[in-house]
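**Student:** Would you mind keeping the following structure in view while I ask a few things?
Taken together, the values in this text are just the output of simple stated rules run on the coordinates, not laboratory data. Remember, predicted model here, so these are calculated numbers, not experimental data. When we count neighbours, we look across all protein chains shown, and the Cβ atoms used for this are built from the backbone with ideal geometry, even at glycine.
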């Protein structure tokens with residue numbers, strides 16, 4: 001299954017479409033993209049995660065990193081996370097730090 | 001297809017994480033375990049296996065370590081055991097994030113510490129023992 005990430009830069013936000021498994025072997029690849037994105041200070045980082053079937057704490061750490069670097073004024077938006085990812089976000093309390101939506105832009 | 005127990009030995013490298021999860025999912029699916037339970041068990045195993053790969057073996061100075069993954073289904077319990085010969089490490093003794101930690105805004109959080117927490121929260125029973133020079137991490141999921 002592996003992992004895939006695709007980046008698109010828009011005027012008001014940057015989008016990463018990620019799919020597959022985000023574990024300790026693939027998180028560094030995701031981390032590199034996130035690092036690049038946050039240095040450009042987007043108003044929002046939008047993650048299209050519908051095709052993401054697995055995320056471990058290695059991936060969660062990247063979400064925390066992204067949110068910390070984005071600061072309080074920019075938002076971290078997750079589009080259509082699978083139920084398992086939602087459950088992991090709930091267990092760790094990270095659900096309160098991200099915006100979950102069914103589509104973006106609305 | 002239905003097997004009562006099975007084991008496989010994997011190289012202790014991050015590239016083995018997906019094959020380890022697939023090994024567990026294949027066994028559990030063959031035993032008609034529901035998807036949500038399979039996912040949570042895979043997450044728990046992934047977290048502990050990651051620790052063994054990233055810390056246990058490197059700290060022991062071993063660069064060709066392995067992890068044996070055993071899985072069995074008996075008496076309405078699905079049980080996975082990870083065995084490694086890395087540095088002794090008991091995840092149960094490691095501090096867990098408190099409820100207050102988990103309610104903290106993300107800006108104030110330390111970036112580590114979530115893996116073992118997730119592992120222990122995701123199964124019905126997590127246990128650890130060190131026996132005959134091996135770490136044994138044990139995960140049990142109750143099946144209704």
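**Student:** I need the full set of residues from the stretch A:61-91 which are under 20 Å from residue B:123 (Cβ atoms) and in contact with a helix residue (DSSP H, G or I) (Cβ under 6 Å, 6 or more places away or on another chain), in order please.
**Tutor:** Those that are under 20 Å from residue B:123 (Cβ atoms) and in contact with a helix residue (DSSP H, G or I) (Cβ under 6 Å, 6 or more places away or on another chain): A:84, A:89, A:91.
**Student:** Please find, among B:68, B:77, the residue that is surrounded by fewer than 19 Cβ atoms within 10 Å (Cβ to Cβ) and farther than 19 Å from residue B:17 by Cβ.
**Tutor:** That would be B:77, the only listed residue that is surrounded by fewer than 19 Cβ atoms within 10 Å (Cβ to Cβ) and farther than 19 Å from residue B:17 by Cβ.
**Student:** With the checklist (1) closer than 22 Å to residue A:27 by Cβ; (2) in contact (Cβ under 8 Å) with a residue 40 or more places away in the chain; (3) surrounded by 22 or more Cβ atoms within 10 Å (Cβ to Cβ) in hand, flag the one item residue B:114 doesn't pass.
**Tutor:** Every condition holds for residue B:114 apart from (2).
**Student:** Which residue out of B:65, B:72 is in contact with a helix residue (DSSP H, G or I) (Cβ under 6 Å, 6 or more places away or on another chain) and away from chain A (no Cβ under 11 Å)?
**Tutor:** Residue meeting the stated conditions: B:65.
**Student:** Test residue B:81 against the stated conditions and say whether it is over 28 Å from residue B:5 (Cβ atoms) and in contact with a strand residue (DSSP E or B) (Cβ under 9 Å, 6 or more places away or on another chain).
**Tutor:** Judged against the criteria, residue B:81 is not a match.
**Student:** While we're here: Could you go through the stretch A:4-18 and let me know if any residue there is within 13 Å of chain B (Cβ to nearest Cβ), in a strand (DSSP E or B) and touching a residue at least 24 places away in the same chain (Cβ under 8 Å).
**Tutor:** no
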